[in-house]
């Protein structure tokens with residue numbers, strides 16, 4: 001499915017400031033823009049579920065709201081996720097957004113269910129990018145974050161905090177997928193910015209992280225553009 005933007009409702013340890021932070025394994029972020037109301041999405045949702053077992057990948061499912069009007073309101077949809085997908089489209093000069101769509105590493109767009117292409121883009125993302133080290137530690141209802149640029153950065157970064165629900169099953173009673181019982185994975189529930197960063201000094205902050213949902217921190221070129229570092233605490 002596609003929708004014009006204009007009409008879419010569319011183990012290493014180190015001391016830091018008196019704290020001991022655990023450096024998490026870097027991973028490639030794979031965003032899936034999907035909808036429970038999209039008949040083309042279930043095969044992509046199923047493929048995406050398998051990515052959750054890969055320690056080198058952080059798969060994040062962002063459910064959009066612009067198909068809610070055709071008979072089924074997605075229970076996980078958030079207009080902010082639609083806006084993020086629109087921002088990606090604008091960044092490449094496009095006026096159209098799609099479901100399903102994968103975005104790998106913040107740069108590579110894959111429309112539809114194309115496992116081989118997504119896998120190839122993940123391999124590409126592993127071998128590119130700027131060097132940023134990222135440490136996270138959960139402290140009760142807070143997370144401590146430290147990012148260090150190992151070499152000068154090529155532009156302004158946006159440091160972001162993401163929370164997700166690992167799994168949920170939904171019975172879809174109407175719309176294009178009526179009668180299906182779908183299990184979704186890594187369903188994003190919140191995505192917020194912690195501030196900009198130019199890499200000239202270490203980025204150190206503490207942010208609220210209530211509840212037991214996994215925590216993901218992403219360092220990404222403003223735009224949105226390429227993701228230079230990402231790590232999570234499950």
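The values are calculated or read from the model by the stated rules, or taken from the named source; none is laboratory data. This structure is a prediction, so every number in the text was calculated from the model and none was measured. Please note: Cβ atoms are built from the backbone with ideal geometry, for glycine as well, and neighbour counts cover all protein chains shown.
General observations
- Total residues in segment 171-204 satisfying the condition of being under 26 Å from residue 83 (Cα atoms) and surrounded by 15 or more Cβ atoms within 10 Å (Cβ to Cβ): the figure is 13.
- Residues that are surrounded by 16 or more Cβ atoms within 10 Å (Cβ to Cβ) and farther than 12 Å from residue 230 by Cα, drawn from segment 131-155: 137, 143, 144, 148, 149, 153
- When residues of segment 78-93 are limited to those that are over 11 Å from residue 223 (Cβ atoms) and touching a helix residue (DSSP H, G or I) at 6+ places or on another chain (Cβ under 8 Å), the one surrounded by the fewest Cβ atoms within 10 Å (Cβ to Cβ): 89
- Unmet requirement for residue 133, which otherwise passes all of (1) modelled with pLDDT of 95 or more; (2) part of a strand (DSSP E or B); (3) farther than 26 Å from residue 174 by Cα; (4) over 14 Å from the mean Cα position of the chain (by Cα): (1)
- Single unsatisfied condition, residue 24 versus (1) farther than 28 Å from residue 157 by Cα; (2) crowded, with 18+ Cβ neighbours inside 10 Å; (3) at pLDDT below 95: (1)
- Residue match in segment 107-126 (condition: crowded, with 18+ Cβ neighbours inside 10 Å and part of a loop (DSSP other than H, G, I, E, B)): yes
- Test for residue 144: is it under 20 Å from residue 28 (Cα atoms), at pLDDT 95 or above and not in a loop (DSSP other than H, G, I, E, B): no
- Between 141, 108, the distinction of being within 27 Å of residue 195 (Cβ to Cβ) and in contact with a helix residue (DSSP H, G or I) (Cβ under 6 Å, 6 or more places away or on another chain) belongs to 108 only.
- Spans of strands (runs of 3 or more DSSP E) in segment 21-102 with at least 2 residues more than 30 Å from residue 205 (Cα to Cα): 96-98
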